[in-house]
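The values are calculated or read from the model by the stated rules, or taken from the named source; none is laboratory data. Predicted, not measured: the structure shown is a model, and the values here were computed from it. Here the Cβ positions follow ideal geometry from the backbone for every residue, glycine too, while neighbour counts run over all protein chains shown.
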């Protein structure tokens with residue numbers, strides 16, 4: 001691992017302390033905890049696409065306070081020219097993308113392009129900002145100068161990437177140290193990084209950033225934050241951190257509510273299944289007892305049309321047995337005016353049931369006929385392809 005990335009090497013001025021405006025070395029005795037590693041304005045970088053260090057770099061959108069004015073910049077053709085300090089600092093794809101403030105100089109002068117990162121209070125943080133000037137129209141020192149503020153304190157008043165890196169397409173990074181002082185009882189607060197155009201810029205009222213890293217520095221041999229204070233890492237979730245804690249009684253109430261809802265749901269489903277089952281059983285009983293035969297009958301129903309499709313007669317146990325009294329009433333005591341046909345079995349009468357709503361053809365055996373019930377059934381079966389099925393008999 002390159003030692004210059006995480007500790008101050010000989011001849012290196014060290015971290016620029018934005019509180020005291022002095023440089024201080026980062027000693028090997030200090031432990032570091034990675035808090036955020038950001039690929040500004042571009043997609044997530046997988047570890048296997050890193051510069052041999054197997055690091056993950058996440059997108060910056062979740063940390064921007066306002067994404068509307070800013071612009072995504074990309075240059076896929078520029079040749080990235082590393083020096084010994086930046087070769088492993090970040091992958092080339094990070095230095096080919098950046099976020100700028102936007103094309104409107106007037107708007108840019110009226111706002112700060114700002115990112116906010118939740119961190120624990122009372123700790124000191126190591127902030128590394130990555131830059132690479134690849135915009136073709138920015139060619140000289142002084143063309144683009146901007147200001148950098150970290151945790152609302154001035155980190156740079158004259159940030160000139162070309163001047164720092166000595167050319168276009170040359171990566172450079174700057175390192176800073178900032179202490180997040182206690183603010184009331186807040187255990188978590190936002191560490192902000194803000195960029196603003198400098199009035200000293202020759203050509204453009206702009207600012208740009210390619211990447212950022214934030215590390216927590218140990219104090220008194222520990223890196224842990226206040227207990228039970230926590231912060232929520234928005235690299236995993238987009239939900240802002242909550243400063244409130246959940247009390248045990250709230251958790252108990254929630255558990256009871258969930259169990260009650262589950263039991264109620266089971267009871268409702270069980271009742272529905274019981275009602276459906278009982279209804280089907282009742283229908284089956286009605287069908288077997290013959291009570292529903294008149295509703296199923298194509299002869300009794302006046303709305304059912306006959307077809308030429310052969311349909312076998314219903315079993316006798318499902319047929320409705322009309323009484324002689326009903327037959328006599330339906331044919332007006334076998335009145336001759338009700339005769340609609342004559343056959344070898346005897347006369348065929350028109351039968352009116354339910355006040356004339358339902359009609360039926362009734363065959364009456366002639367005492368002089370030589371036919372019986374067997375011949376009658378045979379005749380019906382032969383005629384059934386053109387007639388509705390027989391559903392009753394006397």
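Say we look at the stretch 104-138 and pick out the residues that are part of a loop (DSSP other than H, G, I, E, B) and in contact with a helix residue (DSSP H, G or I) (Cβ under 8 Å, 6 or more places away or on another chain); which of these is nearest to residue 192 (Cα to Cα)? The qualifying residue nearest to residue 192 (Cα to Cα) is 132.
Is one or more of the residues making up the stretch 164-175 at pLDDT 95 or above, touching a strand residue (DSSP E or B) at 6+ places or on another chain (Cβ under 8 Å) and more than 20 Å from residue 82 (Cβ to Cβ)? The answer is no; no qualifying residue exists. If we scan the stretch 76-90, do we find a residue that is closer than 27 Å to residue 182 by Cα, exposed (fewer than 13 other Cβ atoms within 10 Å of the Cβ) and touching a strand residue (DSSP E or B) at 6+ places or on another chain (Cβ under 9 Å)? The answer is no, given that none of the residues of the stretch 76-90 is closer than 27 Å to residue 182 by Cα, exposed (fewer than 13 other Cβ atoms within 10 Å of the Cβ) and touching a strand residue (DSSP E or B) at 6+ places or on another chain (Cβ under 9 Å). Selection over the stretch 15-32 of residues that are free of Cβ contacts under 8 Å to residues at least 60 places away in the same chain and touching a strand residue (DSSP E or B) at 6+ places or on another chain (Cβ under 7 Å) gives a count of 1.
Of all residues in the stretch 169-199, how many are touching a residue at least 40 places away in the same chain (Cβ under 8 Å) and not in a strand (DSSP E or B)?
We begin by selecting, within the stretch 169-199, every residue touching a residue at least 40 places away in the same chain (Cβ under 8 Å); these are 169-183, 186-198.
Checking which are not in a strand (DSSP E or B) leaves us with 169-171, 180-182, 187, 198.
The total comes to 8.
Contact map, the stretch 50-68: first residue in the same structural domain as residue 89 (by TED's automatic domain parsing) and free of Cβ contacts under 8 Å to residues at least 12 places away in the same chain, second residue surrounded by fewer than 17 Cβ atoms within 10 Å (Cβ to Cβ) and assigned to a loop (DSSP other than H, G, I, E, B), Cβ cut-off under 8 Å, separation 6 or more or different chains; pairs are 61/67.
Evaluate the following for residue 190: is it in the same structural domain as residue 126 (by TED's automatic domain parsing) and in contact with a helix residue (DSSP H, G or I) (Cβ under 7 Å, 6 or more places away or on another chain)?
Working: in the same structural domain as residue 126 (by TED's automatic domain parsing): yes; in contact with a helix residue (DSSP H, G or I) (Cβ under 7 Å, 6 or more places away or on another chain): no.
When the stated conditions are applied, residue 190 does not pass them.
The selection criterion, being closer than 21 Å to residue 62 by Cβ, exposed (fewer than 10 other Cβ atoms within 10 Å of the Cβ) and either modelled with pLDDT under 95 or in the same structural domain as residue 20 (by TED's automatic domain parsing) (or both), does not hold for residue 210.
In this structure, is residue 35 over 17 Å from residue 176 (Cβ atoms), buried (at least 17 other Cβ atoms within 10 Å of the Cβ), touching a residue at least 24 places away in the same chain (Cβ under 8 Å) and under 32 Å from the mean Cα position of the chain (by Cα)? Quick ask: steps written out before the conclusion?
Numbers: over 17 Å from residue 176 (Cβ atoms): no; buried (at least 17 other Cβ atoms within 10 Å of the Cβ): yes; touching a residue at least 24 places away in the same chain (Cβ under 8 Å): yes; under 32 Å from the mean Cα position of the chain (by Cα): yes.
For residue 35, the condition - over 17 Å from residue 176 (Cβ atoms), buried (at least 17 other Cβ atoms within 10 Å of the Cβ), touching a residue at least 24 places away in the same chain (Cβ under 8 Å) and under 32 Å from the mean Cα position of the chain (by Cα) - is not met.
What strands (runs of 3 or more DSSP E) lie completely within the stretch 13-73 and have 1 or more residues being in contact with a helix residue (DSSP H, G or I) (Cβ under 9 Å, 6 or more places away or on another chain)?
Values: elements: 15-17, 22-24, 32-39.
Passing ranges, in order: 32-39.
Tallying residues that are surrounded by 10 or more Cβ atoms within 10 Å (Cβ to Cβ) and modelled with pLDDT under 50 within the stretch 235-291 yields 9.
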